[in-house]
Each structure stands twice: as C-alpha cells, then as structure tokens.
Amino acid sequence: MRPKTEHTRKIRGGAPGCQSARSAQTRVQPKVKEKTKRTQTRRSATPERVIAGHRTWNALPLRRATTLWICTLACLLACSSQTALAQSFPVQIQRGNGLGNVFAKLNSGQTATFAFLGGSITQGWGYRDLTIQWLRDRYPGRINEINAGWGGTGSLIGAIRIARDVLASNPDVIFIEFAVNDLPEDPLLFVQRNYDGMLRQIRAHNLNTDVCFLETIAPYNVGPYLGGQYPTAVKAHNDVGDHYGAPTVNIG
C-alpha cells in the first residue's frame, strides 16, 4: 500500500500534513491464523451499519468491492440518459447527473479519455483495469486511459501533480481515489483544501470535465465506520462534492 522508497519518504517529509511514516507505525496487522475467524465473526455479528442514512459494510473483499464499483459505473452510465432516470438502481449515487458529459460524448460516437488519480489502489491492478475493460467492451476502440496512480501519496500530492499528470492530457472524466492515504487523524480542513484545490484546477481547465470521488477502505480507517462516522477523507469528499456537484461512490 505504501512503498518505503527514498523518493516517497522525501516527499512526505517535505509536505506538512501529508501522509507520513506515522501511519505505518499506527497500523497493526492481525495475525494470519486469526484473520479468517475474526473476519467471519465480524461479518456475521454486524454485517452492515447505517451512517447518515447510507448503508455501509464493515469490510468488503476485493472482488465484491470491485463488482459493486462496476455496478455503480453502469448506474452512472444509465443516469446520463434521461430515459433511464425513472429506473431503480442498487447503488445510490450522491448528487450530480452521474457522468453525463463523458457518456454523452461516448453515446454520440466520439472517443473519451478516462483518468484515474490516486494512490497504490489506483496505480496497481484492480478497479481501474476492470473499469477500463468494462468500458472497452461496450465502446470498442473509443476508450483512452490515464493511470495517474502513485502509491503512498495522499490528496496533497494529488493536488500538486494533477495539472502535470492528468489535466495535460485533457481527460473527459477524472476518478479521484485517496480515501485510504488521507488518514482519519488528518485535519478535516487540510483534506478539504486539497480536494478543493483539485476541483478548482479541473474547473479552470475545462468546465465539462466530469469528476467522481471514490471512497475505498483499509484496516486503519475502519474505526470511524464502526463508530457510526465517516473517515476524514470521506467527509471531505462529501463536502467538496456538495459544493461542486461532483458524485461520490463508496465502494469500501
């Protein structure tokens, strides 16, 4: 999740409030022998909780979370069509018109560029690859991809490099994923400003670029969910998303 490279350590050390080595010190991984038993007990005892009117699972296996995300992407596609608004979908999409601009472009026969900005969850194999494959199956030859994932970095570094690594390629939609690299103990205002900085740059570059926040989960940010609260990064997603009308999808 957070490779201990010299380059990453230097960046963390030079960015006040950014994710640092303290996160590694506070994480305690469960013993391998007890992991399966503890996970099964937790799921059977408290399979789901309700936070601010939304259901959230304590934890989801990678395959299940990825399936949920692909389902949500299909909902976003459907919501971009006025004829589909009356239908009922299994995943609630908060605010906005789905990803109306990018899918309007695809549905008119044009090519579209999908950008993914985040940490190692975005950089490595997972939801990004499956999303692009899903799209390419439905829009053959018309999907371009930008993988702007950088393991071990949070939203501050994302705000710093979004112009160079993402906007320079003129994407039609940007998925932002830093929910596990922005730690629960990070100040809310600090994280809000990072996401606000990204959205300001995106809007200044192109008002028609769609944006979607992705909220993933890791062992060290489960605590707020279990306490009936959202982690700091998710709160920031909701606040900034409300202001700019950007949808958020919780796949944790």
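How many residues are assigned to a helix (DSSP H, G or I) and touching a residue at least 12 places away in the same chain (Cβ under 8 Å) if we restrict to the range 194-210?
Pass one, the range 194-210, residues assigned to a helix (DSSP H, G or I): 194-205.
Then drop every residue that is not touching a residue at least 12 places away in the same chain (Cβ under 8 Å), which leaves 194-199, 201-203, 205.
Going through the range 194-210 one residue at a time, the tally reaches 10.
Within the bounds of the range 161-172, is there any residue that is among the β-branched types (Val, Ile, Thr), under 21 Å from residue 250 (Cα atoms) and either assigned to a loop (DSSP other than H, G, I, E, B) or modelled with pLDDT of 95 or more (or both)?
First pass over the range 161-172, keeping only residues among the β-branched types (Val, Ile, Thr): 162, 166.
Remaining after also requiring under 21 Å from residue 250 (Cα atoms): none.
No, the range 161-172 contains no residue that is among the β-branched types (Val, Ile, Thr), under 21 Å from residue 250 (Cα atoms) and either assigned to a loop (DSSP other than H, G, I, E, B) or modelled with pLDDT of 95 or more (or both).
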Take residue 230 and tell me if it is in contact with a Lys or Arg (Cβ under 9 Å, 6 or more places away or on another chain), modelled with pLDDT under 95 and not in a strand (DSSP E or B). no
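Going by the structure shown, is residue 173 in contact (Cβ under 8 Å) with a residue 12 or more places away in the chain, out of contact with any Cys (no Cβ under 8 Å at 6 or more places or on another chain) and within 27 Å of residue 135 (Cα to Cα)? Break it down into steps so the answer makes sense when it comes.
Numbers: in contact (Cβ under 8 Å) with a residue 12 or more places away in the chain: yes; out of contact with any Cys (no Cβ under 8 Å at 6 or more places or on another chain): no; within 27 Å of residue 135 (Cα to Cα): yes.
Taking the combined requirement at face value, the residue does not satisfy it.
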The residue that is surrounded by the fewest Cβ atoms within 10 Å (Cβ to Cβ), considering only those in the range 173-193 that are out of contact with any Lys or Arg (no Cβ under 9 Å at 6 or more places or on another chain) and part of a loop (DSSP other than H, G, I, E, B), is 187
Of the residues 250, 170, only one is surrounded by fewer than 22 Cβ atoms within 10 Å (Cβ to Cβ) and either farther than 21 Å from residue 153 by Cβ or out of contact with any Phe, Trp or Tyr (no Cβ under 7 Å at 6 or more places or on another chain) (or both); which? 170
In the range 115-154, how many are in a loop (DSSP other than H, G, I, E, B) and not hydrophobic (A, V, I, L, M, F, W, C)? 11
Go through the range 205-239 residue by residue and tally those that are within 17 Å of residue 159 (Cα to Cα) and surrounded by 24 or more Cβ atoms within 10 Å (Cβ to Cβ). 8
Matching residues, the range 109-142, being more than 30 Å from residue 154 (Cβ to Cβ) and either of a type in the set (A, V, I, L, M) or buried (at least 16 other Cβ atoms within 10 Å of the Cβ) (or both): 139
Residue hits (the range 211-227; over 14 Å from the mean Cα position of the chain (by Cα), assigned to a loop (DSSP other than H, G, I, E, B) and aliphatic (A, V, I, L, M)) are none
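The values are calculated or read from the model by the stated rules, or taken from the named source; none is laboratory data. The model shown is predicted, which means the values in this text are computed figures rather than measured ones. Virtual Cβ from ideal backbone geometry, glycine too; neighbours counted across all protein chains shown.
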